[in-house]
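Q: Just passing along the structure, written as structure tokens.
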Amino acid sequence: GAGVSQTPSNKVTEKGKYVELRCDPISGHTALYWYRQSLGQGPEFLIYFQGTGAADDSGLPNDRFFAVRPEGSVSTLKIQRTERGDSAVYLCASSLSGTDTQYFGPGTRLTVL
Amino acid sequence: KNQVEQSPQSLIILEGKNCTLQCNYTVSPFSNLRWYKQDTGRGPVSLTIMTFSENTKSNGRYTATLDADTKQSSLHITASQLSDSASYICVVSSWGSYIPTFGRGTSLIVHP
């Protein structure tokens with residue numbers, strides 16, 4: 001079937017605004033990850049879901065960041081009161097279980113002006 | 001603290017040449033090591049996965065090696081093509097953790 005998809009592909013917003021980034025994982029994958037990637041860097045872990053629950057959210061930088069996965073499939077990463085430092089590519093990945101190969105989406109490029 | 005260091009940071013080679021990328025890690029206890037290829041504007045795609053008992057694994061023109069004693073891995077690319085231009089990321093997982101450790105990647109540019 002289809003791979004991991006993410007929408008929007010690009011998001012430009014103003015400082016202080018609220019944004020939502022969506023991830024559609026591969027069907028049947030129970031594990032879902034969010035990462036943030038800055039230019040020239042590797043992906044930085046944000047949060048890991050196993051099913052509907054956030055099994056590890058230790059990578060979220062502060063309480064402006066929040067993610068949900070209410071039905072164990074689609075996930076939404078929510079960022080409140082965006083700051084210029086939040087500008088990055090946000091990657092989503094899914095895997096069959098938490099230890100299997102992760103399949104990444106194309107990412108959402110977030111630009112905060 | 002688990003860390004993955006990659007070298008070189010960037011590399012430019014001519015089409016048809018071979019190259020080798022390096023990865024050193026301090027992740028413990030070691031479970032597996034993956035090499036990913038990330039094209040510009042795309043998400044990373046897995047090339048190889050190696051466990052503790054594996055020394056070499058190939059995927060077409062890509063050959064990964066692992067020395068678990070020295071905690072080093074390399075990715076060798078043979079007869080490079082323009083399409084090999086990408087960032088190559090080394091990712092190491094530890095037993096008991098679902099959160100892998102990512103390197104910063106090596107940016108490879110293949111010139112015609």
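Q: What pairs can you find where one residue is in segment B:30-51 and open to solvent by 50 Å² or more (accessible area, probe 1.4 Å), the other is assigned to a loop (DSSP other than H, G, I, E, B) and not hydroxyl-bearing (Ser, Thr, Tyr), and their Cβ atoms are less than 7 Å apart, with a gap of 6+ or different chains?
A: Pairs that qualify, where the first residue is open to solvent by 50 Å² or more (accessible area, probe 1.4 Å) and the partner is assigned to a loop (DSSP other than H, G, I, E, B) and not hydroxyl-bearing (Ser, Thr, Tyr), are B:Arg42/A:Pro106.
Q: Further question on the same structure: Could you count how many residues in segment B:77-87 are touching an Asp or Glu at 6+ places or on another chain (Cβ under 8 Å) and open to solvent by 60 Å² or more (accessible area, probe 1.4 Å)?
A: Qualifying residue count, segment B:77-87: 2.
Each row is one residue, and each column tells you yes or no for (1) charged (D, E, K, R); (2) at positive phi.
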| position | (1), (2) |
| --- | --- |
| B:Arg34 | yes, no |
| B:Gln38 | no, no |
| B:Gly41 | no, yes |
| B:Leu47 | no, no |
| B:Phe52 | no, no |
| B:Arg61 | yes, no |
| B:Gly96 | no, yes |
| B:Ser107 | no, no |
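Q: Going by the structure shown, is B:Thr40 within 12 Å of another protein chain (Cβ to nearest Cβ) and over 30 Å from A:Ser9 (Cα atoms)? Please lay out each step first, then the result.
A: Details: within 12 Å of another protein chain (Cβ to nearest Cβ): yes; over 30 Å from A:Ser9 (Cα atoms): no.
No, not satisfied.
Q: Just checking: which of the strands (runs of 3 or more DSSP E) contained wholly in chain A hold 3 or more residues that are in contact (Cβ under 8 Å) with a residue 24 or more places away in the chain and touching a Pro at 6+ places or on another chain (Cβ under 6 Å)?
A: On the way: elements: A:5-7, A:10-13, A:19-24, A:31-37, A:44-50, A:53-56, A:65-68, A:75-79, A:88-95, A:108-112.
Answer list for chain A: A:31-37.
Q: Which of the residues that make up segment B:58-76 are modelled with pLDDT under 95 and open to solvent by less than 60 Å² (accessible area, probe 1.4 Å)?
A: B:Ala68
Q: Test of understanding: among B:Ile99, B:Ile89, which residue is closer than 21 Å to A:Ile47 by Cα, part of a strand (DSSP E or B) and either within 13 Å of chain A (Cβ to nearest Cβ) or touching a Pro at 6+ places or on another chain (Cβ under 6 Å) (or both)?
A: After ruling out the rest, the residue left standing is B:Ile89.
Q: Go through segment A:57-97 and give me each residue that's within 14 Å of chain B (Cβ to nearest Cβ) and either over 18 Å from A:Leu32 (Cα atoms) or open to solvent by 10 Å² or more (accessible area, probe 1.4 Å) (or both).
A: Once the filter is applied, which keeps residues that are within 14 Å of chain B (Cβ to nearest Cβ) and either over 18 Å from A:Leu32 (Cα atoms) or open to solvent by 10 Å² or more (accessible area, probe 1.4 Å) (or both), segment A:57-97 yields A:Asp57, A:Ser58, A:Gly59, A:Leu60, A:Ala88, A:Val89, A:Leu96, A:Ser97.
The values are calculated or read from the model by the stated rules, or taken from the named source; none is laboratory data. Source: prediction; values computed, not measured. Because the Cβ atoms are built from the backbone with ideal geometry, glycine has one as well, and the counts that use them run over all protein chains shown. The protein model used for the area step is the full one, side chains on, heavy atoms only, and it has no ligands, DNA or RNA in it. Shrake-Rupley method; radii C 1.70, N 1.55, O 1.52, S 1.80 Å.
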